Amino acid sequence: MAANNRRMSGKKGAQVGSGGKRRRGLEGKGPTPPAEMRKGHAKQRAAAAKSRRAQGRPPQRRAGGKGTSELVVGRNPVVEALREGVPASTLYVQQFIDSDERVREALQLAAERGGINLMEAPRPELDRMTNGLNHQGLVLQVPPYEYAHPEDLADAAADEGEDPLIVALDGVTDPRNLGAVVRSVSAFGGHGVVVPERRAAGMTAGAWKTSAGAAARTPVARATNLTRALEAYKKAGVVVVGLAADGEVEVGELDALGGPVVIVVGSEGKGLSRLVGETCDHRVRIPMPGGAESLNAGVAAGIVLYEAARRRA
């Protein structure tokens with residue numbers, strides 16, 4: 001009976017000690033180090049860039065690959081491309097062409113820019129080059145675009161001592177939308193645009209024209225896998241913000257836009273893909289009192305970039 005009482009008393013016998021682990025756990029890890037010493041922080045990256053410059057070492061850059069060459073065909077398209085500063089390597093002119101005002105302007109613009117080869121070719125040769133398109137005697141060859149690496153964009157911001165402001169496009173296939181986004185990024189002080197390698201618009205002549213010259217100042221990076229590129233940004237301390245019609249917070253209420261951020265814009269019809277949406281730290285929506293269901297990528301990016309620039313001013 002006494003033994004039974006001891007079992008029911010609730011008293012504990014000897015216990016194995018923690019060896020001081022609990023006491024050490026309560027002591028903490030000491031004061032938080034300053035931002036300049038925290039790996040991945042924007043200020044730490046800026047300090048590292050400043051140290052590289054002081055030592056005369058250029059920052060390391062990784063290439064993001066090249067696009068494919070492109071032909072701009074027809075008198076009006078060729079003249080417009082030359083006016084907008086689209087990069088060009090060769091202007092092909094048909095032999096014995098009936099010269100009009102557009103032909104003369106194309107030749108003049110190519111000569112003024114310099115670095116553009118002028119080649120005279122017979123009509124059958126131009127027909128072969130363009131697969132029988134109506135070239136009207138003028139063909140402009142656009143060289144492959146040299147893409148940056150996604151890490152270059154954040155590194156460039158660090159070199160300038162600024163928080164990264166980057167736009168990533170998910171499933172945007174219209175080059176004109178890409179050009180419009182590049183133009184907005186340039187206008188609001190952003191550091192570049194990231195596009196996926198597959199199933200996405202690239203820097204074609206159409207994108208160059210829509211950017212209205214901004215593509216010469218604002219780099220476009222190409223990611224083999226957009227989700228992995230966004231995860232790498234997150235590890236570097238950059239907040240990933242996705243635009244979605246059903247976002248949890250309105251764009252004007254998100255304080256994170258004032259810091260290092262990647263703004264992810266999906267296609268007009270489908271929005272963000274599932275994996276990209278799950279990778280985002282925040283999903284924001286743009287209020288539209290007029291009742292429109294969606295905005296195209298260029299307009300949506302411009303609205304959020306304005307808000308980010310306003311918070312950084």
> Can you list the strands (runs of 3 or more DSSP E) found entirely within region 105-158 that contain at least 1 residues being more than 30 Å from ASN225 (Cβ to Cβ) and open to solvent by 60 Å² or more (accessible area, probe 1.4 Å)?
Replying inline: 117-121
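Being closer than 20 Å to ARG183 by Cα, acidic (Asp, Glu) and open to solvent by 10 Å² or more (accessible area, probe 1.4 Å) is the requirement here; does GLU268 meet it?
Details: closer than 20 Å to ARG183 by Cα: yes; acidic (Asp, Glu): yes; open to solvent by 10 Å² or more (accessible area, probe 1.4 Å): yes.
Judged against the criteria, GLU268 is a match.
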>> So, in region 174-199, exactly how many residues are touching a Lys or Arg at 6+ places or on another chain (Cβ under 7 Å) and not in a strand (DSSP E or B)?
In response: 3
>> I'm told ILE97 meets every condition in (1) touching a strand residue (DSSP E or B) at 6+ places or on another chain (Cβ under 7 Å); (2) at pLDDT below 95; (3) farther than 22 Å from GLY67 by Cβ except one. Can you identify the failing condition by its number?
In response: (1)
> Restricting attention to region 234-252, does a residue exist that is open to solvent by 50 Å² or more (accessible area, probe 1.4 Å) and under 24 Å from LEU140 (Cα atoms)?
Replying inline: no
> If you go through region 187-209, how many residues are closer than 11 Å to GLU84 by Cβ and in contact (Cβ under 8 Å) with a residue 60 or more places away in the chain?
Replying inline: 3
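Taking the options LYS270, LYS235, name whichever one is in contact (Cβ under 8 Å) with a residue 60 or more places away in the chain and within 18 Å of the chain's Cα centre (by Cα). Even if it seems obvious, please write down each step before you answer.
On the way: LYS270 fails: within 18 Å of the chain's Cα centre (by Cα).
Testing whether each residue is in contact (Cβ under 8 Å) with a residue 60 or more places away in the chain and within 18 Å of the chain's Cα centre (by Cα) leaves just LYS235.
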> What number of residues within region 74-104 satisfy the criterion of being closer than 24 Å to GLY202 by Cβ and outside any helix (DSSP H, G or I)?
Replying inline: 10
> Looking at ALA205, is it of a type in the set (A, V, I, L, M), farther than 23 Å from ARG283 by Cα, in contact with an Asp or Glu (Cβ under 6 Å, 6 or more places away or on another chain) and buried (at least 19 other Cβ atoms within 10 Å of the Cβ)?
Replying inline: yes
>> Step by step: first the residues of region 82-104, then only those that are open to solvent by less than 90 Å² (accessible area, probe 1.4 Å) and among the hydrophobic types (A, V, I, L, M, F, W, C), then the one that is farthest from GLY179 (Cα to Cα). Which residue is that?
In response: ILE97
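The values are calculated or read from the model by the stated rules, or taken from the named source; none is laboratory data. Just so you know, these numbers come straight off a predicted model, no measurement behind them. In this analysis, Cβ positions are derived from the backbone assuming ideal geometry, glycine residues included, and neighbour counts consider all displayed protein chains. Quick note on the areas: whole protein, heavy atoms, side chains included, nothing else; ligands and nucleic acids left out. Shrake-Rupley method; radii C 1.70, N 1.55, O 1.52, S 1.80 Å.
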